[in-house]
Each structure stands twice: as structure tokens, then as C-alpha cells.
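To start, the structure under review is shown below, and the notes come after it.
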Amino acid sequence: MAPPAALARVISCLLPPPLHPPPMLSTRLLRHRLAAAASSSLSPLRFVAAAMSSSSAAPGGGRKPNRLAAEHSPYLLQHAHNPVDWYPWGDEAFEKARKLDIPIFLSIGYSTCHWCHVMEVESFENEEVAKILNDWFVSIKVDREERPDVDKVYMTYVSALYGGGGWPLTVFLSPNLKPLMGGTYFPPDDKYGRPGFKTILRKVKEAWDTKRDALEKSGNVVIEQLRDALSAKANFQDVPNDVAVLYVDQCVEKLASSYDPKFGGFGSAPKFPRPVEDCIMLYKFRKHMEARQESEAQNIMKMVTHTLQCMARGGVHDHVGGGFHRYSVDECWHVPHFEKMLYDQGQIANVYLDTYVITGDEYYSSVARDILDYLRRDMIGEDGEIFSAEDADSAEYEGAPRKKEGSFYVWTSQEIEDTLGENAELFKNHYYVKSSGNCDLSGMSDPHNEFSGKNVLIERKPGSLMASKYGKSVDEYYGILGECRQKLFDVRSKRPRPHLDDKVIVSWNGLAISAFARASQILKSGPPGTKFYFPVAGCDPVEYLQVAEKAANFIKEKLYDASSKRLHHSYRNGPAKAPGFLDDYAFLINALLDLYEYGGKIEWLLWAVELQVIQDELFLDKQGGGYFNTPGEDPSVLLRVKEDYDGAEPSGNSMAAINMVRLSSIFDAAKSEGYKRNVEHLLAVFETRLKELGIALPLMCCAADMLTVPSRKQVVLVGNKASPEFQDMVAAAFSSYDPNRTVIQIDASNMEEMAFWESNNANIAQMARSSPSGKPAVAHVCQEFKCSPPVTSPGALRELLSKTVAAAGSAV
């Protein structure tokens, strides 16, 4: 365990509230606390995550399984042999609590959560704790990834009252599901003057017996306050254009003020990759270039490129297997919290792809490939489904009684020497490997010496400099490093693997599908003969499109009900009970638009349009504006929230706004104006947040600016989509970075496509019919209500697209 001072810091924000009703909180204060909690979520716990290790008893320990054994969620199954009499979220548990008139103990987590493992071993495997829970409470276990709607209600409650949250989330409820008090991780016993979990349970029981009325009244009041605060309605139908254009500037200025010029990134340790920050910085870069403000554009790109380079060189990047870990506990991106989440991989890959398009530097395309190749190798099922996460913890060896964080990923100097032989010294120097261990670059990297003698690979010097030191060409040097990584990968593959959460989540798959689809065209611009080094596979970019389409088909076949046209949220051995939520629809629609724009199949556009209709039916507040996060059909979910925070994942409202801006540029005026009105109304809901705390909503700031663009650039490609000439033209359409561009692909000989365009945008249909005949590919570029003469070669299209941003490359 952590020493007293460190543990005191951890526990200080975890205590339950006083056992009397909390004071009334204003709507503004509630929203402020929720924003602060969201922007710093988990940091008090995660700060010392690397210092903890968790035990892993043999499954069940001979115990009879509880009800969770019948569930599909990997997280619930991890608790299926606890002595706690767990229930899944549902009527059976609620009815028992009402019948016995006892409170509910609700525990929420996810299968790759380090501190969830810790609390399970310390408390839920403890017979004494289990007896208390079984005698006095109805205990419910929830997988936050399977039921984000339930998690949102009670995480919002804890964050609003105490200014912070995290997982495991611990909340006590009345039988009518109103919260009584809550926290996050609790150690089992009293220490350092702080109450342990057993003490908390006894105090809750005492309060329920003696102060029940006050507790229940408190829960009712807080839920009503939260309902008012989080279902805000717009005072106006739109946001004035002159105000909307300022949101991006204000957000970028705030981010720039927190930029770390030494190690990159925005803010201090622990450092989380938050791709939406890079997205708005790149968006502002483009605006600077369009305004011919090249110096300002260059300053933006320096911040982004330095951040991405530091991330890719650091230990937060898995150099041996590819992909990125969740975050770094130190300021130099070195020692990570080792879990790998799908939502990170898709978004980070897209940022590296965009940066590659802007700079032309293959360093960034290589990192994007590294991420996507990791997903292809380790995270995709036989039917194309993309899994959710890999755990941070694993056994150090087969049969080990304990799991430790990072065991799968760290190396001793001796292990590297034994594996690499004559190249060991070169590799060790390149990755800062030391016999004493290398987690010494920051006082925050390993404050409790958990990684003594172990090394987390990090590149501290440029490869070109190291190649010169060893008298080798850069290609030869990188070739040696690639061979070394391959050998270490083979050795590492024999270690006990971290737990794989093979749940399939629609929203997270959407983020990954987008990256694979975009990579299929963006990466075609690489020069011929490019060399790739392990773990990058160096495949034909077309293979990435195949991955994206297969994943989308899995969702359509397994997670979509064609009769109701509704999505399910997740899948594991069948669809989960939870319906699709706003994020599922919005992220998937975004992915389908990318699949259409980059891949060209009209079926994806048709499905995106259909899902947008269903999204509006289920989630849109037609009177108040914006989207709720849930359909509002489950009475056990007490809050419908209009989420706006763009954190580790974008908010559903931000993504929905951008989707509708994109759709508005595809359809004719009547339908286009409908999409735009919904975006205007949505932005009006969040006007105060955009104005006062835009740094929490970077993607929504971009959406607000996109809406002010008089006419998005349309690139209409007409021809035989299967022809090499047409595909070269598609690649040329994406050869420059332009977030305000829509690419439309049409085969004028395809009756289905032409019928769609005749019905939805006659101008596009006429453009296709009037394109020069006898050409395999023709490109039309339209903006500000006029079109340039058609061009028939990729070079001519690139030249045409570059006119609006002349000298873009000189700014980098």
C-alpha cells in the first residue's frame, strides 16, 4: 500500500458526504463541478496507479458461482465467484430491495480497471465484507462500458457533490434507486485516520436505520437539481456567427497557455492523450493558413508535432507491439498506466493521419500504421468485430499468485541481452535501458519503486543521431531496431497476456472504423519503396478499408435491428440488453460518412442517413435543442443528460453537430437547412459553456465554426469507382488537410446511386450526368456556390485543392 501521505491524498476525495442532506447547489455550481470533475476525472486515483499491484486468486477459490456467472460482460464475470451475493442491474435486485426495505450497494467498474481489481481482491473476495454486504444490502454490480447510462447517473451525482469521480464507483441507493451517498475506491480497513470500507458499510447501515428520511430527501433533492442542470434548454434558436467564430480562438488560446514546451502535451502530469485537443489545434492551423497567417500557423504546428513526437517516443507508446497505453503518470510520457483502450487508438491514429497529410512527414504515417496494425493483430475478432480493451495487469509468470501492472510490457536489462545478443547494446542505448531500471526520469514516474530493475522503453535521442554514432545508415539502423523489436515481441508473446475485454461497443468501433477508412486513402500518398519496420506491417492501405467495412458489417448484422432500425449498444456472445445510446449513433454515423467519403459505397451513406433519422427520434430535444444521452425509455435510469464534455471520447452532441454539418453539404437546400437548424439549436443549448469553458468542448467549438462557413467545399468525383484512375483521384482528393471538405463519389452508370442523387440533390446528379464522357475519373470542385471547370487527372485536382491554402507546406 501507499505510505500515509500518498494514501491520504488518494482517500481525501473518496469519503462519503455527511449523513445529512447536502446544501442546495445552484445550477451553475453543479455544472462547474461536473466540468471540473470531468476534466480531472481519475487523476487522484490514477496518480498512484503505477505504485499498486493486485492479487489474483484462482477463479472462484472453490466457491459456488453467483448470479453474475450468467452474464456476458467480462467485468461481471470477473466477479462471478465472489462471496458477495451480487445481482446484475435489473428488476430482480430492485424488487428484493423494496421487499426487504434495505438499501442498495452499487459498484460500477470495467474489466481493465486497475483499482477495480484492487477493490475486488481487498474487499469483494473478503468473507467478512461479503457477510456485511449480504446481510444489510442488496449488492448490484454494473459494467460501465455495458451500461454507460447507469454509470452516468451516479458518476454525475458523485462528481457534482464531491468535485471528483473515478472507478470503481461506489454508491449507496435507496430501494427507489435515489443516491444516498457515494465515493470511489475504499480500502478495506481504517488507516491513517480514514475510515475503511467495512466502517463505511456500518455507518451507512446506522444512518439508514436512524436518519433514513433525511437521506432519502437528500437523494431526491440532488437528483432533481441534477435533472434541471443537465437537461438545459436553449434560450435562443441559434448562436450568432460573430460569436461562434470566437469559440475556436478562445479554446486554442487556453490550450496554448497550458502547453508544455519541453515534453509536449497540454497540462501537467498525469498526461492523458486527449485527441480532441490536437483536433482543434489542427483546425486552427488550417484557419491561419487560409488567412495567410503563416507564422501563427507554424506556432500551432510546432505544438502539435512536438506533442505527437514526444508521445510516440515515450513509454505511453508500446514500441514492441504497437498502439498506445491509456496515459502517462509522469510529465515526460514515459511510465504509463498500461491498459489499452480502443477509443484511444482510433482517435490517436486519426490525429497522426491528419498531421501526416499536413507535413508530408512519414514519421506520422508510420505511427498511424503502428496503431492500426496493432488493432488488426490483437484486437479484431474472426468476424471483423473490434474488441474494447486490454488490461494493465498481468501475471509475471504462469501460475504466479499475483498480477502486477505492466508485467507484460516491462523488461530487465538481462532479458534484452539474452534475447538480442550482439545488437543488445545498440538497442539498450536507443531505448534508455539500464540494469538498475530506467523509471527515473521524473519523480512521478515510479515514486514507490514498483519498477525497480525494470525498463519501460523510451526513445530519448533521434534515430538519425544514434545511427551516426554507430556508423550506420539510417535505414540500416532502423532495420536493426525493427528486427530487435520482432524478437522481443516473440519473447513477450510467451508471457501471460493481460486480460482482453472482447466486448464489442458500437461507439468505440465507430471511432476505429473512421481511422481505418481514412487511412485507406491518406496513406496512398506515401512514396513508392517506403520501408517499414516492425511492428508496422507495411500493408497496402486498401486493406485498412477492408477492415473498416468488415467491422461496419458486423455491427449491421449483429447490433442493428433492421425492423426497428435501432442499434444495440454492445455485443458479447450476443447483443447486450442495453439499447444504443447517443454516442453509439453519433460515432457510427461519423464512421459511415467516412466509409462513404473514403471508400465510395453508397450503402454506407444510406445507412448514415437512416441512423440520423432514428437518432433524432430517440434523443433529440425538439423543443429545447440538443440531444439527450439515452432514449429515456428505462425507468430505472433516473437522468437524461445532455452531454457536452469532449474528454477521452468526444461528446455525442459534439459529434452529432459535426455529422449534421457534413450531411448538410450532401443534400439539397430543404434537407440541408433542417440539419443546420438542428445544429444551431444544439449550439444554443451549450452557448454559456462554449463561451466560458470552451477548453472542455474543443470539438463542439470546431462544430460551431464549421457551421459559419458559408459553403463547405464539395469535391464531386464521377467515374468508374473500381478503376485505378478513379482510386488515384480519390487519393488526390484527400491529399490535403481540410476539415471543411466533403467528398462525393458517384458512378453515373449505377442506377441506385443516380436515383439517390436525383431524389436528394439534383445538382449533384446533373453534375454526374454532364461529366465528360470517355474519362474513367472526373473531379468537380465546388465552393461558395460556384464550381471550377472539371479536371481529369490527380495532379490537376491536387493543384486545384491547394489554391485555397497556398504555401501550406512552408508553414511546417
* Asked: Among A207, A160, A214, which is of a type in the set (G, A, S), open to solvent by less than 40 Å² (accessible area, probe 1.4 Å), on the phi < 0 side of the Ramachandran plot and within 29 Å of the chain's Cα centre (by Cα)?
  -> A160
* To do: Spot the failing condition for V252; the list is (1) under 30 Å from K340 (Cα atoms); (2) part of a helix (DSSP H, G or I); (3) more than 24 Å from the chain's Cα centre (by Cα), and only one is missed.
  => (3)
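Conditions tested, residue by residue: (1) in contact (Cβ under 8 Å) with a residue 24 or more places away in the chain; (2) not in a loop (DSSP other than H, G, I, E, B).
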{"residue": "K556", "(1), (2)": "yes, yes"}
{"residue": "S563", "(1), (2)": "no, no"}
{"residue": "L567", "(1), (2)": "yes, yes"}
{"residue": "N573", "(1), (2)": "yes, no"}
{"residue": "D583", "(1), (2)": "yes, yes"}
{"residue": "A586", "(1), (2)": "yes, yes"}
{"residue": "I589", "(1), (2)": "yes, yes"}
{"residue": "L593", "(1), (2)": "yes, yes"}
{"residue": "E597", "(1), (2)": "yes, yes"}
* **Given (1) in a helix (DSSP H, G or I); (2) in contact with a helix residue (DSSP H, G or I) (Cβ under 6 Å, 6 or more places away or on another chain), index of the condition N299 fails** => (2)
* **Qualifying positions in region 78-133 - of a type in the set (V, I, T) and either open to solvent by less than 10 Å² (accessible area, probe 1.4 Å) or outside the structural domain of P148 (by the TED database) (or both)** => V84, I104, I108, T112, V118, V129
* To do: Look at G346 and say whether it is open to solvent by less than 10 Å² (accessible area, probe 1.4 Å), under 18 Å from L545 (Cα atoms), part of a loop (DSSP other than H, G, I, E, B) and of a type in the set (G, A, S).
  => no
* **Checklist (1) in contact with a Pro (Cβ under 6 Å, 6 or more places away or on another chain); (2) surrounded by fewer than 24 Cβ atoms within 10 Å (Cβ to Cβ) applied to G399, failing item** => (1)
* Residue check for V276: touching a Leu at 6+ places or on another chain (Cβ under 7 Å) and either among the small types (G, A, S) or within 26 Å of E649 (Cα to Cα) (or both) -> yes
* To do: Filter region 553-568 for residues that are open to solvent by 10 Å² or more (accessible area, probe 1.4 Å) and of a type outside the set (A, V, I, L, M) and give the result.
  => N553, K556, E557, K558, Y560, D561, S563, S564, K565, R566, H568
* Among the numbered criteria (1) in contact with a helix residue (DSSP H, G or I) (Cβ under 9 Å, 6 or more places away or on another chain); (2) modelled with pLDDT under 95; (3) open to solvent by less than 40 Å² (accessible area, probe 1.4 Å); (4) not β-branched (V, I, T), which single criterion is violated by L800? -> (1)
* To do: Could you tell me which of the residues D249, D242 is at pLDDT 95 or above and surrounded by fewer than 17 Cβ atoms within 10 Å (Cβ to Cβ)?
  => D249
* **Residue identified as at pLDDT 95 or above and closer than 30 Å to S651 by Cα among L488, L500, L457, L481** => L500
* Structure fact -> Turns out the helices (runs of 4 or more DSSP H) fully within region 614-693 with at least 3 residues that are acidic (D, E) and at pLDDT below 95 are none
* Under 7 Å by Cβ, and 6 or more places apart or on different chains, what pairs join a residue from region 469-484 that is within 17 Å of E362 (Cα to Cα) with one that is open to solvent by 60 Å² or more (accessible area, probe 1.4 Å) and assigned to a helix (DSSP H, G or I)? -> V474/S464
* Asked: Does region 374-392 hold any residues that are in a helix (DSSP H, G or I) and crowded, with 22+ Cβ neighbours inside 10 Å, and which are they?
  -> Y374, L375
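What do you reckon, is S493 modelled with pLDDT of 95 or more, surrounded by 15 or more Cβ atoms within 10 Å (Cβ to Cβ) and within 27 Å of the chain's Cα centre (by Cα)? Write out each step before concluding.
Details: modelled with pLDDT of 95 or more: yes; surrounded by 15 or more Cβ atoms within 10 Å (Cβ to Cβ): no; within 27 Å of the chain's Cα centre (by Cα): yes.
No, not satisfied.
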* To do: Could you please let me know if L246 is part of a helix (DSSP H, G or I), within 30 Å of the chain's Cα centre (by Cα) and not aromatic (F, W, Y)?
  => yes
* Only helices (runs of 4 or more DSSP H) wholly contained in region 694-812 count here; list those with 1 or more residues that are within 30 Å of the chain's Cα centre (by Cα) and within 18 Å of K601 (Cβ to Cβ). => 724-733
* Asked: Given the conditions (1) open to solvent by 10 Å² or more (accessible area, probe 1.4 Å); (2) under 30 Å from K503 (Cβ atoms), which single one is not true for C310?
  -> (2)
* Asked: So which residues in region 455-470 are crowded, with 19+ Cβ neighbours inside 10 Å and either of a type outside the set (A, V, I, L, M, F, W, C) or in contact with a Pro (Cβ under 7 Å, 6 or more places away or on another chain) (or both), if there are any at all?
  -> N455, E459
* To do: Name every residue in region 350-373 that is open to solvent by 20 Å² or more (accessible area, probe 1.4 Å), of a type in the set (G, A, S) and either touching a Ser or Thr at 6+ places or on another chain (Cβ under 7 Å) or closer than 17 Å to H319 by Cβ (or both), in order of residue number.
  => S366
* Residue check for S473: out of contact with any strand residue (DSSP E or B) (no Cβ under 7 Å at 6 or more places or on another chain), of a type in the set (S, T, N, Q) and open to solvent by 30 Å² or more (accessible area, probe 1.4 Å) -> yes
* If we only count helices (runs of 4 or more DSSP H) wholly inside region 63-128, which ones have 1 or more residues that are more than 22 Å from K198 (Cα to Cα) and of a type in the set (D, E)? -> 91-100
* To do: State all residues of region 531-553 that are in a helix (DSSP H, G or I) and among the basic types (K, R); if no residue qualifies, say none.
  => K550
* What do you reckon, is A722 without any contact (Cβ under 8 Å) to a residue 24 or more places away in the chain, within 26 Å of P541 (Cβ to Cβ) and either β-branched (V, I, T) or in the same structural domain as G795 (by the TED database) (or both)? -> yes
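The values are calculated or read from the model by the stated rules, or taken from the named source; none is laboratory data. On a predicted model such as this, the values are computed, not experimentally measured, just so you know. All Cβ positions, glycine included, derive from the backbone under ideal geometry; neighbour counts span all protein chains shown. When the accessible area is computed, the model is the full protein with side chains, heavy atoms only, and any ligands, DNA or RNA have been set aside. Shrake-Rupley method; radii C 1.70, N 1.55, O 1.52, S 1.80 Å.
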